[in-house]
Amino acid sequence: METVHVFISTGRFHSFEEMRAYIDKAYTNDGEGIDSPFITETGLEDYEPMCIESVASETGQPMPLKELLEGASWLNKWLGQFDREHLADAAICVFPPNTMEHPEGCSLEYLGKATFEI
């Protein structure tokens, strides 16, 4: 079984770049990693940025999850575990090998974890 953790927000991010800065680890000139707020808040481990999908509403307006997350990996296998009509203008989906110690500690709304088969 696979898992996905889903986080949403409305009005928090003013650009896709701002959202990615919240999610992505930064690096010093010496190559030392600096944990992002998202990493710190959720206790993210086994960091693999290619397995963290983020999406923002093109219009900047909240929309139902089923529309906002269109194109997310394996969406049809796990979206039914959430309220498809829930409104948001940004979402983050975290897939393995990323793991989280305390996703509920995130400052974004944590919808929960869905399990699914590929």
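The values are calculated or read from the model by the stated rules, or taken from the named source; none is laboratory data. Just so it is clear, the structure is predicted and the values come from calculations on it, not from any experiment. Positions of Cβ are generated from backbone atoms using ideal geometry, with glycine treated the same way; all protein chains shown enter the neighbour counts. To get the accessible areas, we keep the full protein, side chains included, count just its heavy atoms, and leave off ligands, DNA and RNA. Shrake-Rupley method; radii C 1.70, N 1.55, O 1.52, S 1.80 Å.
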Which of VAL94, VAL55 is most accessible, then next, and so on - probe 1.4 Å: VAL55, VAL94
HN-Hα J in Hz across the stretch 76-85 - Karplus 6.51, -1.76, 1.60, θ = phi - 60°, x for Gly and Pro: 5, 8, 10, 4, x, 7, 10, 6, 5, 9
Under 23 Å from the Cα of LYS77 - lysines, other chains or at least 8 residues apart: LYS66, LYS113
Per residue accessible area in Å² of the chain, where ligands, DNA and RNA are left out and the probe is 1.4 Å: 56 Å²
Placed amide H near GLU109: partners under 5 Å, 5+ positions off or other chain: ILE8
Cα-derived Rg to Rh of the stretch 1-66, Kirkwood definition: 1.00
Placed amide H near MET100: partners under 5 Å, 5+ positions off or other chain: GLU45
Dipole magnitude (debye, nearest 20) for the chain, charges at Cβ of Lys, Arg, Asp, Glu: 340 debye
Accessible carbon and sulfur surface of the chain relative to its total accessible area, %, 1.4 Å: 48 percent
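In the chain, once you exclude exposed GluC sites (Glu not before Pro) (DSSP loop, at most 10 other Cβ within 10 angstrom), what's the longest stretch remaining?
Numbers: sites that count: GLU32, GLU58, GLU85, GLU101, GLU117.
That would be 1-31.
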Spherically averaged projected area of the chain from its Cα convex hull (nm²): 7.1 nm²
The stretch 50-89: C-alpha gyration tensor shape, a/c 1.5 cut-off, then a/b vs b/c: oblate
Loop-resident sites, the stretch 34-118, for chymotrypsin sites (Phe, Trp or Tyr not before Pro), counting at most 15 other Cβ within 10 Å (DSSP): TRP74
17 Å cut-off, amide nitrogen to a point 7 angstrom out along GLU18 Cα→Cβ, residues in the stretch 60-98: 60-63, 88-92
Mean-position separation - Cα centroids, the stretch 2-34 and the stretch 91-106, in angstrom: 12 Å
MET63 long-range amide H proximity, modeled H, under 5 Å: ALA88, ASP89
